[in-house]
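The values are calculated or read from the model by the stated rules, or taken from the named source; none is laboratory data. As the structure is a computational prediction, the values presented were derived from the model and not from experiment. Reconstructed Cβ throughout: ideal geometry from the backbone, glycine too, with neighbour counts over all protein chains shown.
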Amino acid sequence: MVQAPMAREQLFALREEIARLEGKPVPAMAAARQEALAERGGRDREKPRLSLGISMLDEALEGGVPLDGLSEIRSSCLRDATASAGFALAISALMQRQAAADATPILWIADRVTAMEAGVPYALGLKDFGLDPQRFLHAAPRKLDEALWLAETAVESGAFAVTLLEVKGNPAHFGLTESRRLSLRARAAGRPLLLLRQSGEEEASSAALRFLVEPAPAAIRLLPDRSMLGGSIGNPVFRLTLEKSRNPAPLSLILEWNPHDRQFFPAREQARPPLKRTAHPGSRLSASLNRPDRPQEMGAVLAFDQAS
Amino acid sequence: MRLTALDEAAEAIGLRKNQAVAEARAICPKLDVVEEDPAADRRLLDGIADWCDRYTPLVALDGRDGLFLDITGCTHLFGGEKALLQDVLSRLFQMGIDARGAISSAPGLSWGIARFGNGGVIADQEMELVLSPLPVAALRLEEETVAALQKLGLKQVGDLIHAPRAPLARRFGAHLLLRLDQALGLDEEPVSPRRPVASLSAERRLAEPVQAEEDILHLTGQIALSLKTSLEERGTGGRAFELVLFRVDGRVFRVAAGASQPLRDPSRIAALFSERLHAVHDDLDAGYGFEILRLNVTRHEAFDAAQEDFAGDRQKHVSLAGFVDRVSARLGEDCLQSFHLCESHVPERAVIAAPAIRTLSSGKGPEKSGVSWSRGERPLRLFPRPEAVEVFLAEVPEGPPESFRWRRMLHRVSRSEGPERLAMEWWIDGPEAGARDYFRIEDDTGHRFWIYREGLYGQLPPPRWFMHGIFA
């Protein structure tokens, strides 16, 4: 009977430890301490977040993208890899601007397969996109283990305004444990880490947020006299879906990125793109009229998505 | 087949070099003949030369079976010349290598004494005395010269020393006299070392060999600490380091690591090797342990000492440099790259990717600030090699395509901008290279591409279309 209170105390201590690691509000025991801190620190104790400048999105994100943790940006197929990379780089540009001294570089940890399929980041394109190519480091590890080590080391070193880790698909070696490890490292170092999952499925991960990015028709160029230049291709536009956040309702919106001002704007929905075409239409030949019907083929014909 | 080398037992029976194997077998039927393997001999000699690095950094190969060691200034570390020679020969003997050695102030004399004399240390006064009774072959001469000299009755070096020089030169050429002078120490003969000599090095000899990686790293840190004062005296810091590990059984491992900035701090130097040893982990076989650890500074640069400020701005730079060093040591220099703009309008040549470790310390890198020609927008991702695109319909003569097939997928163009004509650089590609017309294209799903046409319609060869990049 003597041991029961001891064990309970131990249990509380462990719970507190876990809560502290996860950065969640500490239950019961530490509540008083938390209150005292809140009184003293006021709003400074709020976790640093990056506002995207869109009120609806910022509300859903509870203030913005966290500056001290892991966030995930996903594209559903490799064709959209550049759109998701563009959105991630736009956020990086904002983070870099917010970082002190404005001289901290960005680290891009590339994935070999994606680089072959969708191309490698191009310095002049980065410049056009609102980033400084001189403050951009590109890492090309050979294996996923190396990429994870790189991401961890980069976040720990604290030398980068933001670290982008590009991963193709849902590799088995990058599961919940690894993402949790990265997330804890990022939180401990107080640095943002963006996970760029190209052509990947939704997966349980330790990231606080997950966006699905799809390309959308670009904005139209504005002429100096505020008139539109018909048929022109202006600022890039992304179709965003907030798949995971504290906010339970899924949110979908369209954002335009202005590279010159380094700012997001809400974009108008232009003509809805047609539904995905399929490689096989799925329809079969019509039955013959004056002859017995040909024997049914085994199995069913499925309309697969066209290969990209 | 002939005999090329003999061991002691074979010499005792009376076999000679260049003897036919059949003849040798007639003398000794139980003869064990092993085929010659010059490459393996060479590897062994290289291994011994590596091992000899423990005595002096200046080790040179001599032919197929000899080594020159320049021990100037090294002898006191081993208790004098005699003790050094004794040490080399006894250690080699323990390893099962039958070696002969001599120490003198002329490489030529040492060569002759080691091969034809009794070895040992030759003082400067008795050089001529020791050289005189040796056969003329001890002068490193060609075989024909030796044979011709012997025919004339000039069998010993002493005969040559006292012979008149002019007729000798006329008959045998200046080479003979050069060799003679070199053996007598009258002519300077440099020894060219196998490896570049490190500008700074420090080492630690251990009574008890170490095996564990942590011990090696700890010792590396200690050695780096002893190097720090020398670096400070010179006002430099090391950019490239080499850790030389001498294993007990004579094998030598060299682990090189580079730094993005001149380094002095022992802990950062040790950290470099911590990543490097992790990377070469499988190749580094500690065996029975390492007995000597040496840290060489192979390249050093001026170290600008900077005062720390309160803002901690310098700290940030240091952490970036530390990150670049760690990654380059572990994953190789090429893993981490930075981009540099060049003055070229050809898209793939306008950007150079260089290893970050090379460009970090120079700050801006090779970039020129005035890259400001007017150009259209560039894609976020570029294909290293443009990919062929099948275009079905295009406005003739130089309009954008209506639809195209890329990677087995049909794209319908909804909007396009262009063309932006880029002529290839005739000074690189030659005058034949055709211009490219680039188009920014958006398809009906909102994907934006950068495609170009090479060649013109109505000309031969027909134009071809390529996908070069993707816009965000």
For the subset of the range B:455-470 comprising residues that are touching a Leu at 6+ places or on another chain (Cβ under 9 Å) and within 14 Å of another protein chain (Cβ to nearest Cβ), which member is farthest from B:GLU348 (Cα to Cα)? B:ILE470
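How about the range A:230-254: which of its residues are of a type in the set (A, V, I, L, M) and under 16 Å from B:LEU380 (Cβ atoms)?
Once the filter is applied, which keeps residues that are of a type in the set (A, V, I, L, M) and under 16 Å from B:LEU380 (Cβ atoms), the range A:230-254 yields A:ILE233, A:VAL237.
Tell me whether the range A:105-119 contains one or more residues that are under 23 Å from A:ASP68 (Cβ atoms), at the interface with chain B (Cβ under 9 Å from one of its Cβ atoms) and touching a residue at least 24 places away in the same chain (Cβ under 8 Å).
Within the range A:105-119, one or more residues are under 23 Å from A:ASP68 (Cβ atoms), at the interface with chain B (Cβ under 9 Å from one of its Cβ atoms) and touching a residue at least 24 places away in the same chain (Cβ under 8 Å).
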Report the residue count in the range B:436-465 for those that are surrounded by fewer than 20 Cβ atoms within 10 Å (Cβ to Cβ), farther than 30 Å from A:VAL213 by Cα and either aromatic (Phe, Trp, Tyr) or in contact (Cβ under 8 Å) with a residue 12 or more places away in the chain (or both). 6
Extreme residue, surrounded by the most Cβ atoms within 10 Å (Cβ to Cβ), among residues of the range B:378-401 that are away from chain A (no Cβ under 14 Å) and more than 25 Å from A:GLU117 (Cβ to Cβ): B:ALA394
Candidates B:ARG326, B:ARG349, filtered to the one that is over 16 Å from A:TRP108 (Cα atoms), in contact (Cβ under 8 Å) with a residue 24 or more places away in the chain and within 10 Å of another protein chain (Cβ to nearest Cβ): B:ARG326
Among the numbered criteria (1) on the phi > 0 side of the Ramachandran plot; (2) among the polar types (S, T, N, Q); (3) out of contact with any Lys or Arg (no Cβ under 8 Å at 6 or more places or on another chain), which one does B:THR75 miss? (1)
Inter-residue pairs, beta-carbon under 6 Å, first in the same structural domain as B:LEU180 (by TED's automatic domain parsing) and at negative phi and in the range B:113-132, second among the aromatic types (Phe, Trp, Tyr) and assigned to a loop (DSSP other than H, G, I, E, B), 6+ apart: none
Are there any strands (runs of 3 or more DSSP E) wholly within the range A:226-308 with 3 or more residues that are modelled with pLDDT of 70 or more, surrounded by 10 or more Cβ atoms within 10 Å (Cβ to Cβ) and of a type in the set (A, V, I, L, M, F, W, C), and if so which? A:237-244, A:251-258
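Table: residues versus (1) under 23 Å from B:VAL157 (Cβ atoms); (2) over 27 Å from the mean Cα position of the chain (by Cα); (3) polar (S, T, N, Q).
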residue: B:GLU35; (1), (2), (3): no, yes, no
residue: B:THR56; (1), (2), (3): no, no, yes
residue: B:ARG91; (1), (2), (3): no, yes, no
residue: B:GLN94; (1), (2), (3): no, yes, yes
residue: B:ASP98; (1), (2), (3): no, yes, no
residue: B:GLY101; (1), (2), (3): yes, yes, no
residue: B:SER104; (1), (2), (3): yes, yes, yes
residue: B:ILE113; (1), (2), (3): yes, yes, no
If A:THR241 passes every condition in (1) under 17 Å from the mean Cα position of the chain (by Cα); (2) free of Cβ contacts under 8 Å to residues at least 24 places away in the same chain but one, which one does it miss? (2)
Filtered residues of the range A:135-156 (kept if free of Cβ contacts under 8 Å to residues at least 12 places away in the same chain and under 23 Å from B:THR359 (Cβ atoms)): A:GLU146, A:TRP149, A:THR153
Residues of the range B:67-97 that turn out to be surrounded by 13 or more Cβ atoms within 10 Å (Cβ to Cβ) and either assigned by TED's automatic domain parsing to the domain that holds B:THR298 or within 16 Å of B:PRO190 (Cβ to Cβ) (or both), as a count: 5
Is at least one residue of the range A:131-146 closer than 30 Å to B:GLY376 by Cα and in contact with a His (Cβ under 9 Å, 6 or more places away or on another chain)? yes
Given (1) in contact with a Ser or Thr (Cβ under 9 Å, 6 or more places away or on another chain); (2) within 8 Å of chain B (Cβ to nearest Cβ); (3) touching a residue at least 24 places away in the same chain (Cβ under 8 Å); (4) not acidic (Asp, Glu), number of the condition A:ILE73 does not satisfy: (2)
Looking only at the range B:406-426, count how many residues are surrounded by 13 or more Cβ atoms within 10 Å (Cβ to Cβ) and in a strand (DSSP E or B). 14
Criterion: of a type outside the set (D, E, K, R) and within 20 Å of A:GLY125 (Cβ to Cβ) - qualifying residue of B:GLY376, B:GLY434: B:GLY376
Per the filter on the range B:45-85, residues hydrophobic (A, V, I, L, M, F, W, C) and assigned to a loop (DSSP other than H, G, I, E, B) are B:LEU58, B:ILE71, B:CYS74
(1) more than 21 Å from B:ASP62 (Cα to Cα); (2) modelled with pLDDT of 90 or more; (3) among the polar types (S, T, N, Q): which one isn't true of B:GLN125, the others all being true? (2)
Looking at the range B:406-442, which of its residues are in contact with an Asp or Glu (Cβ under 6 Å, 6 or more places away or on another chain), within 11 Å of chain A (Cβ to nearest Cβ) and among the basic types (Lys, Arg)? B:ARG412, B:ARG415, B:ARG440
